[in-house]
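S.K.: Below: one structure in structure tokens.
The values are calculated or read from the model by the stated rules, or taken from the named source; none is laboratory data. All values derive from a computational prediction rather than experimental measurement. Cβ placement follows ideal geometry from the backbone for every residue including glycine, while neighbour counts extend to all protein chains displayed. Calculation scope for accessible area: heavy atoms of the full protein, side chains included, ligands and nucleic acids excluded. Shrake-Rupley method; radii C 1.70, N 1.55, O 1.52, S 1.80 Å.
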Amino acid sequence: MTEAMRGHKAWEQFRAEQARRSVPLTEHGMAECSARRYELRSQWPAERCDALRERVRRHVDDGRRNSTGRRS
């Protein structure tokens, strides 16, 4: 799977989880979040961004494993 496909799948899973929790995702809120993310990326070294991205990825993966009844 390409990185873009993984990202799209993760985004869809995130949106589904937010909908399950009754958390509305507005266009305005998503635009603000993107702006903050781009601002941080411009201020942080690439290594810090990569480390945070990997930490989030592990957290999401752990959540998927736990939601299917498997323990990590």
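S.K.: Got a number for carbon plus sulfur as a percent of the chain's accessible area, 1.4 Å probe? Could you put the intermediate results ahead of the total?
M.R.: Numbers: 3470 of 6340 Å².
Result for the chain: 55 percent of the exposed heavy-atom area is carbon or sulfur.
S.K.: Here's something else I'd like to know. What does the accessible area per residue of the chain come to in Å², with a 1.4 Å probe and no ligands, DNA or RNA counted?
M.R.: 88
S.K.: Take the Cβ-Cβ distance between D61 and M30 as r, set R0 to 30 Å, and report the resulting FRET efficiency rounded to the nearest 0.05.
M.R.: Numbers: r = 23 Å, r/R0 = 0.77.
Calculated transfer efficiency: 0.85.
S.K.: Same structure, new question: Which is the longest part of the chain that has none of the trypsin sites (Lys or Arg not before Pro) sitting in a DSSP loop with at most 16 other Cβ atoms within 10 Å? All intermediate terms of the calculation are to be shown ahead of the outcome.
M.R.: Details: sites that count: R21, R70, R71.
For trypsin sites (Lys or Arg not before Pro) (loop position, at most 16 other Cβ atoms within 10 Å), the longest site-free span of the chain is 22-69.
S.K.: Here is a follow-up. Using the charge dipole of the chain (Lys, Arg: +1 at Cβ; Asp, Glu: -1 at Cβ; taken about the Cα centre), state which of Q43, A4, H59 has its Cα farthest towards the positive end.
M.R.: Value computed over the given set: H59.
S.K.: If each of Q43 and R15 carries a label point 7 Å out from its Cα toward its Cβ, how far apart are those two points in nm?
M.R.: Result for the modelled spin labels: 2.9 nm.
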